[in-house]
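For reference, the structure is listed below as structure tokens.
Any read-out appearing in this document is the output of simple, stated calculations on the displayed coordinates, not a laboratory observation. Quick caveat: nothing in here was measured; it's all calculated off a predicted structure. Cβ placement follows ideal geometry from the backbone for every residue including glycine, while neighbour counts extend to all protein chains displayed.
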Amino acid sequence: MNGAGGRANGRRSTAAAGLLLATTLTTGCNVADPAAHADPKSLPATPAAASATPTNAPRAINTADLLAATLPDDQIEPAGRTEKRVSKRDAEWAPTSISNPDCVPFIDPYRYKPQLPEVVQNFGSKERYEWGASTTLTAHLSPADAAKELDELRKAMQGCREFHIRGIASGNGSGTRMILTTVQAPAQGDGALAYNRTSWTDVSDINPDTAEIRTIERFTVVRVGSVIAEFRMSPSDSVEAMQFPLELMAPQIRRLHELR
């Protein structure tokens, strides 16, 4: 989940993180120890040994893992083309002015947070109408961290319905007005949410013949272990109800499950 276009510049049931449990050790009787022959009633009670079995902590997922988990070029139907890139945040990028602070996560969810391993895979249509789609995979430190991030996004949706971004077109126009509407999320991964983002951008300063441009995008955010996958669909007005192709989403989620 990244810059002003969602997570395009770089723009999630909880699976528990593995915990290392210390096993309580008990000391057996030693024949060289005089206490070993003492009356059992005179000895202090020995605490019961812990029965929990230690488990290994989950392996940290890095950028190379995420790139390997993206869809290969021969498995991108119904898209016609794809490209992959590592997301790098611009340290000099100035935050965009957003009228409603609750809406910041829907423009740049990782703003002011440390850079996490993140890759983006873009898809282009091969049909007569043009649509764009992208998948952003972000690896968190643990499943618990990823679950917290998704919960924060879900809470932010309660306070974000409409907001305004100043001068997004060219810096001189009146900016972009956006409306968020929640939609039914698919039963995928370890938790998911989905929403539509409708934008009206004032471009009159660069195109006097056009007052504004409307854009409708569908976002589906799915958590798989410690990875949050954002599936973004940008159809034209004529196919505004179109969802992210399940033929791309389902195999991507399966590949993320294999990382665990």
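Could you work out the equivalent-ellipsoid semi-axes for segment 63-257, taking the square root of 5 times each eigenvalue of the Cα gyration tensor, largest first, in whole Å?
Working: eigenvalues 144, 89, 53 Å².
In descending order the semi-axes read 27, 21, 16 Å.
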Along segment 67-78, what does the Karplus equation 6.51 cos²θ - 1.76 cosθ + 1.60 (θ = phi - 60°) give for ³J(HN,Hα), rounded to whole Hz, x for Gly and Pro?
4, 5, 8, 5, 6, x, 4, 8, 10, 10, 4, x
Give the distance, in whole Å, between the Cα centre of segment 137-216 and the Cα centre of segment 219-234.
14 Å
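With a Förster radius of 35 Å, plug the Cβ-Cβ distance of Asp205 and Glu152 into 1/(1 + (r/R0)^6) and report the FRET value to the nearest 0.05. It would help to have the intermediate numbers written out before the result.
Numbers: r = 35 Å, r/R0 = 1.01.
Efficiency, rounded to the nearest 0.05: 0.50.
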In nanometres, the difference between 0.36 nm per residue of separation and the alpha-carbon distance of Asn100 and Arg81 is 3.2 nm
